[in-house]
Amino acid sequence: MSARAAHRLVWLVALLPSLIFLAHLDAAAVNSASGALNAAGRLTGVAGLSMLLLAAILSARVPGFDRPFGGLTRLWRTHHLLGAWSLILLLLHPVLLALAAAEVSISAAAATLLPPPSDLAGWSGWAALILMMIFLAPSFSFFGPPRYERWKKVHRLAGPAVALALVHDFWLSRGLPQWLDLALWSTLALLALAAVGWRFVFSRRIGRLAYTVSDVTAIANNVVELSLEPGGRKLRHEAGNFVYLTLEDDALEAGRGEEHPYTLSSSPDEKRLRVAIKSLGDASRAAQTVRPGTKARVEGPYGRFFLSPDRVGEPELWVAGGIGVTPFIARMRHLSRRGEAADVCMIFCVQDPAREIFTTELHELAARLEGFSLHIHYFYREGPLSGGYLDNVCPDLGRRSIYICGPQPLNALVQQQAAAAGVPASRIHTEEFELL
Ligand SMILES: Cc1cc2nc3c(=O)[nH]c(=O)nc-3n(C[C@H](O)[C@H](O)[C@H](O)COP(=O)(O)OP(=O)(O)OC[C@H]3O[C@@H](n4cnc5c(N)ncnc54)[C@H](O)[C@@H]3O)c2cc1C
């Protein structure tokens, strides 16, 4: 199944309760304006809750679960969309019900919006909605870009919000035959509980592997590459995968015990793992000073950047920007260790020679790989990557699969130019170092 089909399936499951609701709707009940508003109010409740539960299910972060969806970053885009839609629908839910009640009387409408204190079912719904507004507000960037660690803490309110929404639903739900109602919501609720249980309890105990930092190499003044030796079971991964890395060094100035996603820069057949970390904020800046001997936890692998990293010989164009070179260096190291040829044209975009990273090793690897051509593009000297530049270094762009990993504007630019050169979207693959 393609990633697109897998995402469509998620939306279909999210919409299934609404479709069942519509199939059981009594046509006579929607003949009047208040009947139609009431049905619309209940429908938004059903759709909003099912999307909220699906969003919770998708947050599981089980290694491998993200592969059919084209990787965790894509899966979480769908998770975010489901969350956003569920908030919009659940905000509409009481408004539509109150409008329907207004046909009867204003006091009935007011009682829908402000239930009496004894109406625990009504208040559990409101409590769920208020918690949703609090934990989703940072995702909508209402108050500017959120700080990741704070965003993560606030996001934990999702658990109580889902629980309260379920209480509200089990108490008040009307519209489906009772057995179907129970079966549907219980199944979705159990899956959501299993997902959250894995994420916050079991993955911490059994999903994180023990490693020790064995070597720290300064790649540039703001990039280090850490080598990690396994303390027990070794992580199995493919080139292009990323992991959540937790550094447990008490001397670190920031980010102690925090998990951060980093792409593995090592070849999958090396015993140790390697990650190259660029100083981009508090934790990654502190990671520049990490010492050998530091204990680390590694969770993963996640992501599916290269569709089939072991298949060689297919014509490919790789475009890396800055620290976005990490998945490519992992694959080059892998190809080189296996002594394989590769029909790859690689463009590495850096701002100027002073900010080059890994270029000496990239040149060495490229020279060893038959069929591989490497081009370094300097932004300050040559300006943004242009169609002319691409044509020049990669004249057969149209027949290649394209892999892009870099800052968002670079990703967008290359996608545009590849599309203009006739490369179908199915052959353009991107990775972004951004999860929010
Ligand atoms: C799939 C993926 C692969 C990545 N691979 C690499 C890599 O190979 N090398 C590299 O240097 N960087 C990589 N990054 C980026 C790296 O995760 C962030 O630079 C780092 O987490 C920033 O943390 P900070 O506290 O230093 O910065 P902050 O200033 O706190 O954060 C800067 C931004 O980084 C993101 N971020 C921060 N903390 C986290 C977190 N715990 N989880 C997810 N995102 C977070 C947020 O979008 C935030 O806005 C990758 C990111 C992703 C999503």
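Extension gain for residue 147 to residue 26 (0.36 nm times residue separation, less C-alpha to C-alpha distance): 38.8 nm. Kirkwood-type hydrodynamic radius, segment 208-302: 12.9 Å, calculated from all non-identical alpha-carbon pairs. Normalised by residue number, the volume inside the convex hull of the Cα atoms of segment 316-431 is 94 Å³ per residue. Amide H contacts of residue 430: 404, each under 5 Å away and 5 or more positions distant or on a separate chain (H built 1.01 Å from N in the peptide plane; Pro and chain starts excluded). A simple rule links phi to the HN-Hα coupling: the Karplus curve 6.51 cos²θ - 1.76 cosθ + 1.60 with θ = phi - 60°, which for segment 259-266 gives 9, 10, x, 9, 6, 6, 9, 7 Hz, with x for Gly and Pro. Each label was represented as a point 7 Å from its Cα along the Cα-to-Cβ direction; for residue 178 and residue 62 these points are 3.3 nm apart. Between the C-alpha center of segment 109-164 and that of segment 327-401 there is a gap of 47 Å.
Note on the chain: semi-axes of the ellipsoid equivalent to its C-alpha gyration tensor, largest first and rounded to whole Å, are 47, 25, 19.
Using only Cα atoms, tell me the angle between helix 33-58 and the longest principal axis of the chain; keep it within 0 to 90° and round to the nearest 10. Relative to the chain, helix 33-58 is tipped by roughly 30 degrees. For segment 103-119, 3J(HN,Hα) computed residue by residue from phi via the Karplus equation (6.51, -1.76, 1.60; θ = phi - 60°) reads 4, 7, 6, 5, 5, 5, 5, 5, 5, 5, 7, 10, x, x, x, 6, 7 Hz, glycine and proline entered as x.
What number do you get for segment 56-119 when its Cα radius of gyration is normalised by 2.2 N^0.38 Å, N = residues?
1.77
Within segment 375-412, what residues put their amide N at less than 15 Å from the label point 7 Å along the Cα-to-Cβ vector of residue 355? Hits in segment 375-412 for residue 355 at 15 Å: 377-385, 406-411.
Summarising the amide proton neighbourhood of residue 314: residues at separation of 5 or more, or on other chains, whose placed amide H is nearer than 5 Å comprise 343. Relative protection proxy for 22-31, 110-119, from highest mean packing down: 110-119, 22-31 (other beta-carbon atoms within 10 angstrom). Projecting the Cα atoms of 372, 197, 262 onto the charge dipole of the chain (Cβ charges, centred on the Cα centre) puts 197 farthest toward the positive pole.
How big is the charge dipole of segment 274-354 about its Cα centre, in debye rounded to the nearest 20, if each Lys and Arg gets +1 on its Cβ and each Asp and Glu gets -1 on its Cβ?
520
The calculated 222 nm mean residue ellipticity attributable to helices in the chain amounts to -14500 deg cm²/dmol, summing -39500 (n - 2.57) over DSSP H runs of n ≥ 4 and dividing by all residues. Charges were assigned to the Cβ only: +1 to each Lys and Arg, -1 to each Asp and Glu. The resulting dipole of the chain about its Cα centre is roughly 720 debye. When the listed pairs 153/278; 271/295; 153/295 are checked against a 19 Å cut-off, the alpha-carbon distance exceeds it for 153/278; 153/295.
For the chain, the antiparallel share of DSSP beta bridges with both residues in that region comes to about 60%.
We did not get these values from a lab; they are worked out from the coordinates using the rules stated. Computed from a predicted structure; not experimentally measured. Glycine also receives a Cβ, built like all others from the backbone with ideal geometry; neighbour counts cover every protein chain displayed.
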